[in-house]
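Report on the structure given below.
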Amino acid sequence: MSIFKTIENQVLEAFHKAGYEVETIIFVKSARSDLGDYQINDCMALSKKYGKNPREIADEVVEILRESPNFTNLNVAGPGFINLSFTESFFLTLLKEMQKDLFSNVDLEPKKKVILDFGGANAAKALHVGHMRSANIGEALRRLAIFLGQEVISDVHLGDMGRQAGMVISELKREQPNLPWFDDAYQGEYPSVPLTNEDLGRLYPKASIAAKESEARLEEVRDITASIDKGDPVLTDLWKKIVAISSEGIKKTYDRLSSHFDLWEGEMDACQYKEQVLSIFNDYLYESEGALVIDVSRTDDKKELSPLIVVKSDGATIYATRDLGSLYSRMVRFTPDEVWYVTDERQSLYFEQVFRASYKTGLVPENVKLRHFGFGTINGKDGRPFKTRDGGVMQLEDLLDLVKVEVESRIREDILGEERENIAEALTIATIKYADLLPVRTTDYIFDVSKFSDLEGKTGPYILYSTIRMKSLLNKAKEAGISDFAALAFSENTSSERAVLLEIFQLANTLKKAYLDKSLNEICEYLFRLTSAYNKFYAENRILIEENASKQKTWLTLTEVVFQINQTLLDILAIDVPEKM
Ligand code: ARG
């Protein structure tokens, strides 16, 4: 059993021996390090359950813990907090274990099959900053879940149905009226579409302006969109080919962000299941203003939840129809235990409607967990949604470029050419991802390029720079012939060293909490605490010229473990660590 588990069990057993039932206990890092490294606060809750003074409970438990050689500094404070510290030999064992297997102390989650719906880009339209959040958070959740032993199937749920189809095609008809899809008399096979992804970037905005100015044009856009919804073979052929071109461009952007999708399915695919959904929903649907809707309200709702529209008044599908269709297909094809959606928090009511409708009709069995993990918006310094200089919607590629210019100047001057370009790209992604994953998931945050790319503070560049420095220290030690790092002994006066050890001990808890809350904030904060503690230790000690060999080897072990933790956690966040910067 790992030393971490041993300790946890010892404390649990002490509670049991004293006659109290507890399932888990949590070591909280103490705010008063003079009292002990950690605090256990569980006696408060027990006091209610057993009708006993929490201090009394704490005293009884502490008496039993005194028999263990792993703890020092045992004492009870305040109304019933147990304070304790760990012995040096405990920490040495912990380091040795982690050097061998970093995650021997991490508990895996009970295995489940999860479908993870994230990304959500819209075909033929540029990705905006909101899509970036979904791509960053979704990918990190995907990696975290896999890391903790889950089976994950990710799906982009491409937005490839809707008005943009009518927009792009109506504009294309004006630019290239002679294409066979616009020729009613055309008989042959339809060719590939003579368009690039750049062309698509032009067509949509152009059409969008035109449709705002002319009612007739808007009508045309609506007609084309409706025909595709009804499955018109000619327009569908054209649109599918346009979606494929657009997908290539979208995939490139997702590649830059290292977002991985096992499935590349979209709303159009989901439409195939419209009839199945309607037959499952049949008994629950009723007409309202021409549309078919389902009631999803509950008597105990504090705020009334309006019915969900399943079929529009013109018979066409809607965003919800497509989500229901894809849920149907996911249930039949994959029988998942859970389905997670990562979108803007503003869609949370919508997902509540979809989930309720799915359970109510039996489309999704009650034991399958449907979960929406929403996120806040990215705002500008004025507190409003982040815009370009001229007030337009900030597109993802533009944001990446903006950050790249800023981080470029932080790279060492002697790094040139392609290498410089690669590092700039890695640093850009690190800057953006760390800033994007740092806030508590549901909160909005202000996009501040110069703050995010700073080499100091809670930033991607700070964590990267420090991690690279750890690695270079380890390499230098090896070059100097010190290779067999080992946890042998700590120095006296070890406060900065001890601070690092206390953080290392928190790794398992951090991962657990991040997973529970589906918030990467825990991991980002932890990376910062661990890295800062390490840097303080690094500044106080001259590791490479230390004369006491066992001290030096222990310090290098400590460095190696912190480096590995950083590297692994950054990988969960989908941030690559370059060799230098
Ligand atoms: N395409 C949508 C948008 O841009 C997001 C899709 C989210 N996923 C889903 N299953 N509805 O807002």
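The values are calculated or read from the model by the stated rules, or taken from the named source; none is laboratory data. Note that the coordinates shown come from a computational prediction; the quantities given were computed from them, not determined experimentally. Cβ placement follows ideal geometry from the backbone for every residue including glycine, while neighbour counts extend to all protein chains displayed. Just so you know, the surface numbers come from the protein's heavy atoms only, side chains and all, with ligands and any DNA or RNA stripped out. Shrake-Rupley method; radii C 1.70, N 1.55, O 1.52, S 1.80 Å.
Taken over the stretch 432-472, the criterion of being buried (at least 20 other Cβ atoms within 10 Å of the Cβ) and of a type in the set (S, T, N, Q) is satisfied by SER453, THR459, SER466, THR467. The residues of the stretch 9-39 that are open to solvent by less than 30 Å² (accessible area, probe 1.4 Å) and under 36 Å from the mean Cα position of the chain (by Cα), listed by number, are VAL11, LEU12, VAL22, ILE25, PHE27, SER30, GLY36, ASP37, TYR38.
From the list ALA145, ALA140, ALA126, exactly one residue is of a type in the set (A, V, I, L, M), within 16 Å of the ligand (Cβ to nearest atom), touching a Leu at 6+ places or on another chain (Cβ under 8 Å) and in contact (Cβ under 8 Å) with a residue 40 or more places away in the chain. Which is it? Only one candidate passes the filter, namely ALA126.
Per the listing GLU366, GLU287, the residue uniquely at pLDDT 95 or above, among the acidic types (Asp, Glu), within 30 Å of ILE224 (Cα to Cα) and more than 16 Å from the ligand (Cβ to nearest atom) is GLU287. Here the condition is being in contact with a helix residue (DSSP H, G or I) (Cβ under 9 Å, 6 or more places away or on another chain) and part of a strand (DSSP E or B); of VAL310, VAL277, it holds for VAL310 alone. How many residues are on the phi < 0 side of the Ramachandran plot, open to solvent by 10 Å² or more (accessible area, probe 1.4 Å), of a type in the set (Gly, Ala, Ser) and within 14 Å of the ligand (Cβ to nearest atom) if we restrict to the stretch 99-123? The total comes to 0. If you go through the stretch 86-98 and pick out every residue that is open to solvent by less than 50 Å² (accessible area, probe 1.4 Å) and of a type outside the set (Phe, Trp, Tyr), you end up with 6.
Scanning the stretch 53-95 for residues that are touching a helix residue (DSSP H, G or I) at 6+ places or on another chain (Cβ under 8 Å) and under 19 Å from ALA508 (Cβ atoms) yields a total of 10. Within the stretch 253-264, if we keep just the residues that are in contact (Cβ under 8 Å) with a residue 12 or more places away in the chain and of a type in the set (D, E, K, R), the residue that is surrounded by the most Cβ atoms within 10 Å (Cβ to Cβ) turns out to be ARG256.
A single member of TYR341, TYR328, TYR359 is away from the ligand (no atom under 16 Å from the Cβ), more than 27 Å from ASP454 (Cβ to Cβ) and not small (Gly, Ala, Ser), and it is TYR359.
Would you confirm whether or not the stretch 491-510 contains a residue that is among the hydroxyl-bearing types (Ser, Thr, Tyr), touching a Leu at 6+ places or on another chain (Cβ under 9 Å), open to solvent by less than 60 Å² (accessible area, probe 1.4 Å) and under 27 Å from ALA430 (Cβ atoms)?
Yes, because at least one residue in the stretch 491-510 is among the hydroxyl-bearing types (Ser, Thr, Tyr), touching a Leu at 6+ places or on another chain (Cβ under 9 Å), open to solvent by less than 60 Å² (accessible area, probe 1.4 Å) and under 27 Å from ALA430 (Cβ atoms).
The C-beta contact set for the stretch 301-320 (first residue under 11 Å from SER288 (Cβ atoms), second residue assigned to a loop (DSSP other than H, G, I, E, B) and more than 16 Å from the ligand (Cβ to nearest atom), distance under 7 angstrom, 6+ apart or interchain) comprises PRO307/ASP295; PRO307/VAL296; LEU308/VAL296; SER313/GLU289; SER313/GLY290. Just one of the listed residues (THR321, THR299) is within 15 Å of the ligand (Cβ to nearest atom) and of a type outside the set (D, E, K, R), namely THR321.
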